[in-house]
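All remarks here apply to the structure that follows.
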There are 2 protein chains.
Amino acid sequence: MDFNDTKNIFLQIRDWVADQILQGKIIAGEKIPSVRELAVDMEVNRNTVMRSYALMEEEGIIENKRGIGFFVAADAKVNLLKMQKRSFLKDELPAILHKVEVLKLNSEDLQILIQTIQSNDHENQ
Amino acid sequence: MDFNDTKNIFLQIRDWVADQILQGKIIAGEKIPSVRELAVDMEVNRNTVMRSYALMEEEGIIENKRGIGFFVAADAKVNLLKMQKRSFLKDELPAILHKVEVLKLNSEDLQILIQTIQSNDHENQ
DNA sequence: TTTAGTGTCATAATACACTATGACACTATG
DNA sequence: CATAGTGTCATAGTGTATTATGACACTAAA
């Protein structure tokens, strides 16, 4: 995995797992990669993955069955959606707005973004 | 100043100064706060501010007059606009797009963002 | 029972951001 | 000249992320 220098690795691992769940690539009740396995895959130390998993367990996203491994919590996806949506609108959006204003980005610059938003409008579920 | 735990302080200071320039609060040729002064203002060590200024000097945003202080470079604002716009579209926008898709954010959620973009469309300069 | 796979804990070492502090050269101003 | 304000460098200490490694308890399966 290609990590970003500006963000802690254990947070990026948590973000990656959360993204897998949000995308439905790992579903509720399913086992996630073991600490050792993911550490090897991502070329990272066991302890670093362990820290990510411990954090996610605190957040109620995953659960541990001792001797077996970690599993996606029953309502992980719904909670993740709620948490991340709230966090995005409250913390990230203001910074984005500020940049859009200062850099004077217009519909042409952000064409893809507007299209993506509009395609979300046409979804019924 | 209120710093974000997830990003290095010396980078946040650079971002803050760059933002002041982009907003026109500090213009070309103007002196920026001295290393010691800004360090006291932001309750940070001299060396940390020094690191931010050294970075900005490398980037050609500010220039040093020895014994006097740092000054905004002549074409700092234009270059900052170019650099940050490129960086935003290349690095930040893809991540934003991904979140908008996964969280299924629609025009209602991002109403303010769309308004801001549209108001930039109506600017002629 | 033995084996392999889980998480977990403890320890030590490395790297780096940040702090604290002192000293020095330079410039403007009295 | 002396003084105060600039940046700059060196040194040492602190905190923390990350690595490296070993050991242990638990579980499933041969």
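No lab work stands behind these numbers, since they all come straight from the coordinates. Computed from a predicted model, the values in this text were never measured in an experiment. Cβ coordinates were reconstructed from backbone atoms using ideal geometry, including for glycine residues, and neighbour counts include every protein chain displayed.
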My understanding is that a pair violates if its Cα-Cα distance is over 25 Å; which of A:Lys82/B:Lys82; B:Lys25/B:Lys85; A:Lys85/B:Lys90; B:Lys25/B:Lys82; A:Lys90/B:Lys77; A:Lys90/B:Lys104 do that in this structure?
A:Lys82/B:Lys82; A:Lys90/B:Lys77
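Once the Cα gyration tensor of the stretch A:77-121 is diagonalised, what are the square roots of 5 times its eigenvalues, in whole Å and ordered largest first, as equivalent ellipsoid semi-axes?
Working: eigenvalues 107, 50, 5 Å².
Largest first, the stretch A:77-121 gives 23, 16, 5 Å.
Quick one: net charge around B:Leu55, please, counting Lys, Arg +1 and Asp, Glu -1 for every other residue with C-beta under 13 Å from its C-beta. Walk me through the intermediate numbers first.
Details: positive: B:Arg14, B:Arg51; negative: B:Asp15, B:Glu57, B:Glu58, B:Glu59.
That sum, taken over residues with Cβ under 13 Å, equals -2.
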Every other copy gets compared here: list the nm distances from the B:Arg66 label point (7 Å along Cα to Cβ) to its counterparts, shortest first, one decimal.
6.7
Report the paramagnetic label zone for A:Glu101: residues of the stretch B:89-125 whose backbone N is under 15 Å from a point 7 Å from Cα along the Cα-to-Cβ axis.
B:112-121
Mean 1/r over distinct Cα pairs of the stretch B:9-75, inverted to a Kirkwood Rh in Å, yields 11.7 Å
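Based solely on its DSSP helices, what 222 nm [θ] is calculated for chain B when runs of n ≥ 4 H residues each add -39,500 (n - 2.57) and the sum is averaged over all residues, nearest 500 deg cm²/dmol? Intermediate values should be presented prior to the final figure.
Values: 6 runs with 67 residues, N = 125.
Helix-only estimate at 222 nm: -16500 deg cm²/dmol.
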Between the label point of A:Lys7 and that of the same position in each other copy, find the distances and list them shortest first in nm, with every label point placed 7 Å from Cα along the Cα-to-C-beta direction.
1.3
Within the under-15-Å Cβ sphere about B:Val44, not counting B:Val44, Lys/Arg +1 and Asp/Glu -1 give a net charge of -1
Testing the spin-label approximation: label points 7 Å from Cα along Cα→Cβ at B:Glu108 and A:Leu81. State their distance in nm.
1.4 nm
Cα centroid distance between the stretch A:1-26 and the stretch B:86-125, in Å?
22 Å
Would you calculate the separation in nanometres between label points at B:Asp19 and B:Leu89, each defined as 7 Å from the Cα along the Cα-to-beta-carbon direction?
2.3 nm
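Give me a single rounded figure for B:110-120: the average over its residues of other chain Cβ atoms within 10 Å of their Cβ.
On the way: counts 10, 0, 5, 9, 6, 1, 8, 12, 3, 4, 10.
Whole-number average of other-chain Cβ neighbours for B:110-120 is 6.
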Over the alpha carbons of chain B, what is the largest minus smallest coordinate on each principal axis, giving the biggest first in Å?
54, 37, 22
Got the A:Asn79 label distances to the other copies yet, label 7 Å along Cα→Cβ, in nm, shortest first?
4.9
How big is the protein assembly as shown by the Kirkwood estimate over distinct Cα pairs, in Å?
20.9 Å
